[in-house]
Amino acid sequence: MSLQNLSLWDVALAALLIVVNGALSVALKLDLARKLAWAAVRTVVQLLAIGYVLGWVFQYDRWFVVLPLMVVMTLIAGFAGAQRGTRTYAGQREDSVLSIWASSWLVAAVGLFIVIRIHPWYEPQYAIPILGMILGNTLTGVSLGIERMTEELTARRDRVDMALALGATRWEAAQEPARQAVRAGMIPTLNQMAVVGVVSLPGMMTGQVLAGQSPLLAVRYQIVIMFLIAAASALGTVGAVLLTYRRLFSAEHRFLASRLVERATLARR
Amino acid sequence: MTDIPLVDAKDIARRDPLTGQMLLQPTRFALHAGDRVAITGPSGSGKSVFMRALALLDPLDSGHISWHGKRVERTAIPRYRRNVAYIRQRPAILDGTVEDNLRYPFTLKAYRDVRFDRARAASLAAEAGRGESFLDKRASELSGGEAQIAALIRVLQLAPEVLLLDEPTASLDPESSRAIEGLVHAWFDVGDAPRASVWVSHDPAQARRMSQRHLTMRAGVLDEQAAPFEAAPCAREIAGGGAATTRDGGQERTQ
């Protein structure tokens, strides 16, 4: 079995499908036409670019090329993770980068060195796509977690304040919002794990099968990946929520509500 | 009564963390056992800022607070707040029944040594003119007045030394207001334990009823007032209120 070659013309044919979305947008007055066009262009440009970059990296195959690429991927994920939510606080970006970086790299290391045992240790064909998949999912968990935490603290400010006034420690006062936030961050991964194989065939597995790999081996890889993703997004979410908690509650058991500002306000200043 | 105040604020001051504007000018304030203090002043003059500062709920920009003559350290803050209880204008009620709300404090570390006592809670409810069924009422069914009564019982059952009441009856009907005042009176008169209260009010008559020491807050400056409250400060307060609301302390703005 060999991979069917795709010419650029074939790709252009598929791109016509985005016209369906555009037509819907116009018909339903969704006002999304411009956004759709932009998203389509980004998809094409970003993927073509990464195709060339990866081609070059795989060919060059040196740790000092692979590692910086992984750092850049991580930073982009970290910055993207801080862009959700109507409210933000000074330091949200740092918290997002730190929690995504630490959890993804730790879990990727476990997967690459202990489970898959790649050689050499930076083998780009494994390291880059696996880190990428972990980053993508951790980013979702982290951004949902931080968003929910700031939302809960805003909505429940009275209760948090009441708990502190009664003599609650800062952790006792923040516990419930933090718990909700971690839950919110972990649910997408849990949902994904519940339907994998039944409703969705994950992209990586599909890719391996298309490339002629035996489905049974592809499935084993996919199972490993799912657990790596679950672990990293759980660790990342908990880490991000705890970092947010530390920013917004002082050691004097105070809730620093004034640090939570609307995103628009921050942009104006 | 000893010379050492229960709560001693030494030159506490607070600025708006965003604009840097002075919300509370450096203020000295000593609260002795047996003191019943009332504070009046226009909206946004810093009364809430001062009360929250006394409860150590907001970061101070300078000064510090002593409790029984000892500076309150970080780790002692939950314990301090157990004894110096802050009652907010808008009560925060948790989901569940009134009893669930009254049980909540006992889940906190600061109250490990005490247990919830339903009989005591019921007798407090009775003092506020509510039957024992009040404890089983759903939080979602409480009127504004009942919610404030529940919030006050939640604090009073814990027998705090000091009550900081931040306009607890500002939006309540007269009957609920009287119930709140009655509960505070009963708490104050109990036994020989040292007690003191600070009551922020818009109502000069209530301030007279609930205090023997009168202070005014104006643009972040707290002043001792020699004469008892008259009708006049009330009129001034209304006149000053509109102009002063924009320079609020951030506490009331977000409510």
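For the structure I just gave you, tell me whether B:E237 is charged (D, E, K, R), buried (at least 19 other Cβ atoms within 10 Å of the Cβ) and at pLDDT below 90. Before the answer, list the steps.
Details: charged (D, E, K, R): yes; buried (at least 19 other Cβ atoms within 10 Å of the Cβ): yes; at pLDDT below 90: yes.
In short, yes.
Is it the case that some residue within segment B:121-131 is out of contact with any helix residue (DSSP H, G or I) (no Cβ under 6 Å at 6 or more places or on another chain) and either within 13 Å of another protein chain (Cβ to nearest Cβ) or touching a residue at least 60 places away in the same chain (Cβ under 8 Å) (or both)? Before you say what the answer is, go through the steps one by one.
So the first thing to find is which residues in segment B:121-131 are out of contact with any helix residue (DSSP H, G or I) (no Cβ under 6 Å at 6 or more places or on another chain), and the list is B:123, B:126, B:130-131.
Those left that are additionally either within 13 Å of another protein chain (Cβ to nearest Cβ) or touching a residue at least 60 places away in the same chain (Cβ under 8 Å) (or both): none.
No, segment B:121-131 contains no residue that is out of contact with any helix residue (DSSP H, G or I) (no Cβ under 6 Å at 6 or more places or on another chain) and either within 13 Å of another protein chain (Cβ to nearest Cβ) or touching a residue at least 60 places away in the same chain (Cβ under 8 Å) (or both).
Of the residues B:A76, B:A53, which single one is within 19 Å of A:A168 (Cα to Cα), within 14 Å of another protein chain (Cβ to nearest Cβ), free of Cβ contacts under 8 Å to residues at least 12 places away in the same chain and hydrophobic (A, V, I, L, M, F, W, C)?
Numbers: B:A53 fails: free of Cβ contacts under 8 Å to residues at least 12 places away in the same chain.
Answer to the selection: B:A76.
For the condition under 23 Å from A:L47 (Cα atoms) and either touching a Cys at 6+ places or on another chain (Cβ under 9 Å) or assigned to a helix (DSSP H, G or I) (or both), what is the one hit in A:G145, A:G136, A:G111?
Working: A:G145 fails: under 23 Å from A:L47 (Cα atoms); A:G111 fails: under 23 Å from A:L47 (Cα atoms).
Of the residues listed, the single one that is under 23 Å from A:L47 (Cα atoms) and either touching a Cys at 6+ places or on another chain (Cβ under 9 Å) or assigned to a helix (DSSP H, G or I) (or both) is A:G136.
Going residue by residue through segment A:13-36, is there one that turns out to be crowded, with 16+ Cβ neighbours inside 10 Å, of a type outside the set (D, E, K, R) and under 15 Å from A:T138 (Cβ atoms)?
No: zero hits.
Suppose the filter is more than 14 Å from every other protein chain (Cβ to nearest Cβ), part of a loop (DSSP other than H, G, I, E, B), surrounded by fewer than 18 Cβ atoms within 10 Å (Cβ to Cβ) and at pLDDT below 95; does B:G44 pass it? Break it down stepwise before answering.
Working: more than 14 Å from every other protein chain (Cβ to nearest Cβ): yes; part of a loop (DSSP other than H, G, I, E, B): yes; surrounded by fewer than 18 Cβ atoms within 10 Å (Cβ to Cβ): no; at pLDDT below 95: yes.
Here the answer is no, as B:G44 does not meet what is asked.
When you look at B:I77, is it touching a His at 6+ places or on another chain (Cβ under 7 Å), of a type outside the set (F, W, Y), buried (at least 22 other Cβ atoms within 10 Å of the Cβ) and not in a loop (DSSP other than H, G, I, E, B), yes or no?
So B:I77 fits the description; yes.
Return the pair list, or none, for Cβ contacts closer than 7 Å from residues in segment B:81-109 that are farther than 14 Å from B:L164 by Cα to residues that are part of a strand (DSSP E or B), at least 6 apart or on different chains.
So the pair list comes out as B:T97/B:R138.
Out of B:L60, B:L31, B:L18, I need the residue that is closer than 21 Å to B:V155 by Cα and either within 19 Å of the chain's Cα centre (by Cα) or within 13 Å of another protein chain (Cβ to nearest Cβ) (or both). Which one?
Values: B:L60 fails: closer than 21 Å to B:V155 by Cα; B:L18 fails: closer than 21 Å to B:V155 by Cα.
Matching residue, one of B:L60, B:L31, B:L18: B:L31.
Is it the case that B:D100 is under 16 Å from the mean Cα position of the chain (by Cα), more than 23 Å from B:F188 (Cβ to Cβ) and either away from chain A (no Cβ under 11 Å) or buried (at least 16 other Cβ atoms within 10 Å of the Cβ) (or both)?
Details: under 16 Å from the mean Cα position of the chain (by Cα): no; more than 23 Å from B:F188 (Cβ to Cβ): yes; either away from chain A (no Cβ under 11 Å) or buried (at least 16 other Cβ atoms within 10 Å of the Cβ) (or both): yes.
So B:D100 fails the test.
Taking the residues in segment B:80-97 that are surrounded by fewer than 22 Cβ atoms within 10 Å (Cβ to Cβ), on the phi < 0 side of the Ramachandran plot and more than 9 Å from chain A (Cβ to nearest Cβ) as candidates, determine which candidate is modelled with the lowest pLDDT.
Ranking the qualifying residues of segment B:80-97, first place goes to B:Q89.
Can you say whether B:S140 is over 21 Å from the mean Cα position of the chain (by Cα) and in contact (Cβ under 8 Å) with a residue 40 or more places away in the chain, as far as the supplied structure shows? It would help to see each step written out before you state the result.
Values: over 21 Å from the mean Cα position of the chain (by Cα): yes; in contact (Cβ under 8 Å) with a residue 40 or more places away in the chain: yes.
In short, yes.
Does B:L164 satisfy being out of contact with any strand residue (DSSP E or B) (no Cβ under 9 Å at 6 or more places or on another chain), among the hydrophobic types (A, V, I, L, M, F, W, C) and surrounded by 18 or more Cβ atoms within 10 Å (Cβ to Cβ)?
Working: out of contact with any strand residue (DSSP E or B) (no Cβ under 9 Å at 6 or more places or on another chain): no; among the hydrophobic types (A, V, I, L, M, F, W, C): yes; surrounded by 18 or more Cβ atoms within 10 Å (Cβ to Cβ): yes.
So B:L164 does not fit the description; no.
Within the group B:A151, B:A159, which residue is within 14 Å of chain A (Cβ to nearest Cβ), touching a residue at least 12 places away in the same chain (Cβ under 8 Å), farther than 24 Å from A:R156 by Cα and aliphatic (A, V, I, L, M)?
Working: B:A151 fails: farther than 24 Å from A:R156 by Cα.
Answer to the check: B:A159.
Does A:A211 satisfy the condition of being more than 23 Å from the chain's Cα centre (by Cα) and within 30 Å of B:L94 (Cβ to Cβ)? Talk me through it step by step, then tell me what you get.
Values: more than 23 Å from the chain's Cα centre (by Cα): yes; within 30 Å of B:L94 (Cβ to Cβ): no.
Spelling it out, it is not the case that A:A211 is more than 23 Å from the chain's Cα centre (by Cα) and within 30 Å of B:L94 (Cβ to Cβ).
Which residue out of A:V196, A:V182 is of a type in the set (A, V, I, L, M, F, W, C), within 17 Å of A:G136 (Cβ to Cβ) and surrounded by 14 or more Cβ atoms within 10 Å (Cβ to Cβ)? Give the derivation first.
Working: A:V182 fails: within 17 Å of A:G136 (Cβ to Cβ).
Exactly one residue qualifies, and that residue is A:V196.
Being closer than 20 Å to B:Y111 by Cβ and not polar (S, T, N, Q) is the requirement here; does B:L172 meet it? Before you say what the answer is, go through the steps one by one.
Numbers: closer than 20 Å to B:Y111 by Cβ: no; not polar (S, T, N, Q): yes.
It is false that B:L172 is closer than 20 Å to B:Y111 by Cβ and not polar (S, T, N, Q).
When the residues of segment A:152-171 are narrowed to those that are in a helix (DSSP H, G or I) and surrounded by fewer than 19 Cβ atoms within 10 Å (Cβ to Cβ), which ends up farthest from the other protein chains (Cβ to nearest Cβ)?
Narrowing segment A:152-171 to residues in a helix (DSSP H, G or I): A:152-155, A:157-166, A:170-171.
Subset that is surrounded by fewer than 19 Cβ atoms within 10 Å (Cβ to Cβ): A:154-155, A:157-158, A:171.
Values: A:T154: 9, A:A155: 12, A:R157: 7, A:D158: 4, A:W171: 9 Å.
Top of the filtered list is A:A155.
Condition first: under 15 Å from the mean Cα position of the chain (by Cα) and over 26 Å from A:F249 (Cβ atoms). Now tell me which residues in segment B:38-57 satisfy that. Before you say what the answer is, go through the steps one by one.
Taking segment B:38-57 first, the residues under 15 Å from the mean Cα position of the chain (by Cα) are B:38-40, B:46-57.
The answer is B:A38, B:I39, B:T40.
Would you call B:S171 hydroxyl-bearing (S, T, Y) and assigned to a helix (DSSP H, G or I)? I'd like the intermediate steps shown before the answer.
Working: hydroxyl-bearing (S, T, Y): yes; assigned to a helix (DSSP H, G or I): no.
No.
Looking at segment A:45-103 only, could you name the residues that are crowded, with 17+ Cβ neighbours inside 10 Å and at positive phi?
A:G85
The values are calculated or read from the model by the stated rules, or taken from the named source; none is laboratory data. On a predicted model such as this, the values are computed, not experimentally measured, just so you know. Methodologically, a virtual Cβ is constructed for each residue, glycine included, from the backbone with ideal geometry; neighbour enumeration extends over all protein chains shown.
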